[in-house]
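The values are calculated or read from the model by the stated rules, or taken from the named source; none is laboratory data. Just so it is clear, the model here is predicted, and its values are computed rather than measured. Neighbour counts run over all protein chains shown; Cβ positions are idealised from the backbone, glycine included.
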């Protein structure tokens with residue numbers, strides 16, 4: 001393999017690894033097991049739970065596949081809202097997922113529930129959150 005080909009393969013592998021780690025941490029921030037992001041159909045089901053979408057949306061995609069693009073757009077916008085981010089951030093999740101998912105996972109974003117109002121308490125703790133509020137890095141809002 002040529003050096004440039006090897007370098008490109010390593011860059012793609014590194015980008016993929018960062019993306020997988022970001023999805024894992026994002027699921028953990030939302031109170032779900034990180035490994036759930038690795039299981040193909042189950043990860044979609046959990047993502048719908050994180051964003052508050054009904055499982056009927058999943059069935060709609062299965063039986064009417066062209067609806068996938070609409071559901072994908074809504075899912076990214078809802079994901080941004082669930083972590084307290086704007087519509088513009090949701091568009092970034094769609095257009096540049098390898099940049100915006102790590103920002104969502106490793107940044108200051110906190111899961112605030114499907115409605116985005118902070119009323120949802122999640123399970124577990126997240127070691128990637130700083131202990132600014134004295135809660136030991138717990139991934140939930142108290143108010």
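Considering only region 64-88, state which residues are assigned to a helix (DSSP H, G or I) and touching a residue at least 12 places away in the same chain (Cβ under 8 Å).
Our first condition is that a residue be assigned to a helix (DSSP H, G or I); within region 64-88, this holds for 65-82, 87-88.
Matches in region 64-88: 71, 72, 73, 74, 75, 76, 77, 78, 79, 80, 81, 82.
Among the residues of region 1-40, count how many are assigned to a helix (DSSP H, G or I) and within 15 Å of the chain's Cα centre (by Cα). Don't jump to the end; show me each part of the working.
Step one: of region 1-40, the residues assigned to a helix (DSSP H, G or I) are 3-29, 34-38, 40.
Applying the additional criterion that residues be within 15 Å of the chain's Cα centre (by Cα) yields 16-29, 34-38, 40.
Total satisfying the criteria: 20.
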Lone qualifier among 13, 9, 60, 36 - being modelled with pLDDT under 90 and over 15 Å from residue 100 (Cβ atoms): 60
